[in-house]
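S.K.: The structure's right below; bear with me while I get my questions together.
The values are calculated or read from the model by the stated rules, or taken from the named source; none is laboratory data. Just so it is clear, the structure is predicted and the values come from calculations on it, not from any experiment. Positions of Cβ are backbone-derived with ideal geometry, glycine not excepted, and every protein chain shown enters the neighbour counts. These area figures cover heavy atoms from the full protein model, side chains too; ligands, DNA and RNA do not enter into them. Shrake-Rupley method; radii C 1.70, N 1.55, O 1.52, S 1.80 Å.
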Amino acid sequence: MGRVGVLLLNLGGPEQLEDVRPFLYNLFSDPEIIRLPFRWLQRPLAWLISSLRTQKSEDNYREIGGGSPLRRITEEQAIALQDNLQQDGHEAQVYIGMRYWHPFTEEALERIKRDRVEELVILPLYPQFSISTSGSSFRLLEKLWQEDPYFERVKYTVIPSWYKRQGYLNAMAQLIAQELDRFDNPDGVHIFFSAHGVPSSYVEEAGDPYQREIEECTELILRTLNRPNEHTLAYQSRVGPVEWIKPYTEEALVELGDRGVKDLLVVPISFVSEHIETLQEIDIEYRELAEEAGIDNFQRVPALNTHPVFIEDLAAMTLEALDGPSLKFEDVMRPEENFKMYPQERWEWGMTTAAEVWNGRLAMIGFIALLIELISGHGPLHYVGLL
Ligand SMILES: C=CC1=C(C)c2cc3[nH]c(cc4nc(cc5[nH]c(cc1n2)c(C)c5CCC(=O)O)C(CCC(=O)O)=C4C)c(C)c3C=C
Ligand SMILES: [Fe+2]
């Protein structure tokens, strides 16, 4: 076996408040996050949306200390994985490739090249596959691979999703059981699985397996946990005017409050590290909402981070991938090149999502026309004397 590397893929997050705007710009520039009919619109729209969202997003990051802990935790996971492999006699270098912030995927590939890695396991830190997360990173990697002839000689394999692995399920069940047992009446606690959402069109039109994998993952965790508790699965972190997969976390919490649920344990399910959506959205926003709805005892299961059972499973997964048949980028599910994920296309009359979307489009066209006129000094507003 040649020099072995493991590339951990993750989203990345702003480390300080100044990073928020460029991080958001990178995120919204990704056609796997916002796919538009015209490629030339991607960057101006990314600039516009990131500018509009920066203030709200900065306020949220300020509430968790001014930045995302994602880089630090991912680095800790990488070290723990490398140590675990080494203790079992396997020499492998673990790299981190973030999609929207440092260390970028491009930086990771530079290091992999510098270290002359010959065999690489590409392991996304997302248990379930979505076009918008692992899919986006695979698409970028495929492009970078084609651009540099060095990578022709690297034997690689990708792991698209791994939520069915018993090690991961055991680690999740252990964390849930530990938190349940802190309640006075553990069996009476309502377990609330909260997954990051995606726009409905990803699932219904592009065939993203994400929702199905999340649902199956929830069932597998519950089976491993083997407790009698009632449970709910809902989706959080909706952005923009289009419809996302349902039920929405905020609505489901209010409904449970109305039903008289008093003890609730939230399980973040689509991510393996603490991040803005666990520390701010769940711990602060949803807690407040739940308490207003009458849920007196609102607790959350911590993210896996460097849980030893989880790290052990990442190591086992790496070794199995090295021994097994390799899976290439082109083997992994990809949406059609011209599929428009956002905005949705069907027209409906009234104050509907479609109307909101078209308002947005017209505003965008007007905005770009204004920019062009301001830069060029020519146009209808100059003509009528308004500029
Ligand atoms: C499995 C996890 C995730 C999916 C699926 C996902 C899809 C998705 N996200 C956005 C928009 C935003 N996401 C943001 C932050 C963010 N997203 C994830 C995970 C998934 N996203 C994480 C872990 C994070 C946090 C990183 C951190 O800093 O800790 C943000 C920025 C934060 C904010 O302003 O709220 C946006 C915006 C879309 C549109 C999308 C699917 C299309
Ligand atoms: Fe997100």
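S.K.: So, in region 20-60, how many residues would count as being of a type in the set (S, T, N, Q), within 10 Å of ligand 1 (Cβ to nearest atom) and closer than 20 Å to residue 137 by Cα?
M.R.: Residues meeting the conditions: 0.
S.K.: Ok, one more. Yes or no: region 46-62 includes at least one residue that is more than 16 Å from ligand 2 (Cβ to nearest atom), among the aliphatic types (A, V, I, L, M) and either out of contact with any helix residue (DSSP H, G or I) (no Cβ under 8 Å at 6 or more places or on another chain) or touching a residue at least 12 places away in the same chain (Cβ under 8 Å) (or both).
M.R.: Yes - at least one qualifying residue is present in region 46-62.
S.K.: For region 253-262, state whether one or more residues are open to solvent by less than 60 Å² (accessible area, probe 1.4 Å), under 14 Å from the mean Cα position of the chain (by Cα) and in contact (Cβ under 8 Å) with a residue 24 or more places away in the chain.
M.R.: No, region 253-262 contains no residue that is open to solvent by less than 60 Å² (accessible area, probe 1.4 Å), under 14 Å from the mean Cα position of the chain (by Cα) and in contact (Cβ under 8 Å) with a residue 24 or more places away in the chain.
S.K.: Continuing with the same structure: Cβ-Cβ below 6 Å, separation at least six or inter-chain, first residue in region 24-36 and modelled with pLDDT under 95, second part of a helix (DSSP H, G or I) and away from ligand 1 (no atom under 11 Å from the Cβ): which pairs?
M.R.: 36/42
S.K.: Kindly provide the set of residues from region 22-38 that are within 21 Å of residue 241 (Cβ to Cβ) and part of a helix (DSSP H, G or I), ordered by number.
M.R.: 24, 25, 27, 28
S.K.: Restricting to region 240-268, name every residue that is near ligand 1 (Cβ under 9 Å from one of its atoms) and under 19 Å from residue 214 (Cα atoms).
M.R.: Of everything in region 240-268, just one residue is near ligand 1 (Cβ under 9 Å from one of its atoms) and under 19 Å from residue 214 (Cα atoms), namely 244.
S.K.: Follow-up question, since we're still on this one. Here are 70, 9: which of them is within 11 Å of ligand 1 (Cβ to nearest atom) and surrounded by 20 or more Cβ atoms within 10 Å (Cβ to Cβ)?
M.R.: Result of the check over 70, 9: 70.
S.K.: Quick one: which of 295, 284, 276 is in contact with a Gly (Cβ under 8 Å, 6 or more places away or on another chain), within 21 Å of residue 65 (Cβ to Cβ) and not assigned by TED's automatic domain parsing to the domain that holds residue 81?
M.R.: 276
S.K.: Based on what the data block shows, is residue 311 assigned by TED's automatic domain parsing to the domain that holds residue 75, surrounded by 18 or more Cβ atoms within 10 Å (Cβ to Cβ) and not polar (S, T, N, Q)?
M.R.: yes
S.K.: Moving to a separate point now. From the set of residues in region 195-210 that are near ligand 1 (Cβ under 10 Å from one of its atoms) and not aliphatic (A, V, I, L, M), which is farthest from residue 251 (Cα to Cα)?
M.R.: The extreme case among them is 208.
S.K.: It is to be established whether one or more residues within region 72-92 are among the hydrophobic types (A, V, I, L, M, F, W, C), outside any helix (DSSP H, G or I), more than 27 Å from residue 156 (Cα to Cα) and touching a helix residue (DSSP H, G or I) at 6+ places or on another chain (Cβ under 9 Å).
M.R.: No, region 72-92 contains no residue that is among the hydrophobic types (A, V, I, L, M, F, W, C), outside any helix (DSSP H, G or I), more than 27 Å from residue 156 (Cα to Cα) and touching a helix residue (DSSP H, G or I) at 6+ places or on another chain (Cβ under 9 Å).
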